[in-house]
Amino acid sequence: MEKNNSIAQECLNEMLSRQVLFNPGFEQEKEQLTSLYDLRLNMAKDINKDKFKEDEISNWESAVENLKKSAAKKLVLNWVTSEFKHFMIFWDYDSERLAGIFYLYPKSSIKEQEEYNSDIIKRGFSVSSLKYDSGQMIKKWK
């Protein structure tokens with residue numbers, strides 16, 4: 001993956017200067033996670049093409065290609081959501097290097113997502129999202 005990835009830089013800038021929701025995500029074998037996001041990409045292009053903008057599809061395609069080229073055996077997927085973009089971030093589990101990243105435009109605001117998280121907790125389920133403001137954690141759902 002290129003060292004000066006503009007999407008990664010944009011994500012970092014959002015995390016350090018705005019309110020964002022961070023989800024610590026999960027780890028999975030590279031082949032499984034790559035296959036899943038390749039399938040989701042193809043579905044977005046074929047079935048849901050009217051729901052995604054051209055830049056969302058093109059950066060998603062680049063991320064999947066980077067994942068396919070990655071030497072990683074296992075990946076970690078995290079996501080960061082700002083008011084403007086929802087970033088999907090794939091890390092090489094062993095080297096902790098960025099393996100792929102893409103963004104989608106969020107369908108709901110941070111406030112709406114916070115309300116949804118609180119509702120999930122009220123129903124007795126757990127939420128792993130954390131809220132940050134300019135790089136400082138300000139809320140953890142319990």
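How big is D, in µm² s⁻¹, for the stretch 39-79 by Stokes-Einstein at 20 °C and 1.002 mPa s if Rh is the Kirkwood radius over C-alpha pairs?
Numbers: Rh = 11.4 Å.
Translational D for this selection: 189 µm²/s.
Suppose R0 equals 22 Å; then what is the FRET efficiency for W141 and S109 from their Cβ-Cβ distance, rounded to the nearest 0.05?
Working: r = 17 Å, r/R0 = 0.76.
The value I calculate is 0.85.
Dividing the Cα convex hull volume of the chain by residue count, how many Å³ per residue is that?
Working: hull volume 17.4 nm³, N = 142.
Residue-normalised Cα hull volume stands at 123 Å³.
What is the sum of charges, Lys and Arg at +1 and Asp and Glu at -1, for the other residues whose Cβ falls under 13 Å from the Cβ of D55? Numbers along the way, then the final one.
Numbers: positive: K53, K85; negative: E10, E54, E56, E61.
Here the charged neighbours net out to -2.
With all protein chains present, calculate the accessible area of E29 using a 1.4 Å probe and round the result to the nearest 10 Å².
Accessible surface of E29 is approximately 90 Å².
So what's the net charge close to N78: Lys and Arg +1, Asp and Glu -1, counting the other residues with Cβ under 12 Å from its Cβ?
Values: positive: none; negative: E27, E96.
Local net charge: -2.
Once each part is reduced to its C-alpha centroid, what is the distance from the stretch 16-35 to the stretch 71-142 in angstrom?
Spelled out, the Cα-based centre of one part sits 7 Å from the other.
Would you please classify the overall shape of the stretch 60-104 from the alpha carbon gyration tensor, given that a ≥ b ≥ c denote the square roots of the eigenvalues, rounded means a/c under 1.5, and beyond that prolate means a/b larger than b/c while oblate covers the rest?
Details: a/c = 3.55, a/b = 1.62, b/c = 2.19.
Note, shape of the stretch 60-104 comes out oblate.
For the stretch 7-142, which whole percent of the accessible surface, found with a 1.4 angstrom probe, sits on carbon and sulfur atoms?
Numbers: 4100 of 8110 Å².
Ligands and nucleic acids excluded, carbon and sulfur give 51 percent.
The values are calculated or read from the model by the stated rules, or taken from the named source; none is laboratory data. In this text, all values refer to a predicted model and were calculated from it rather than measured experimentally. When we count neighbours, we look across all protein chains shown, and the Cβ atoms used for this are built from the backbone with ideal geometry, even at glycine. The protein model used for the area step is the full one, side chains on, heavy atoms only, and it has no ligands, DNA or RNA in it. Shrake-Rupley method; radii C 1.70, N 1.55, O 1.52, S 1.80 Å.
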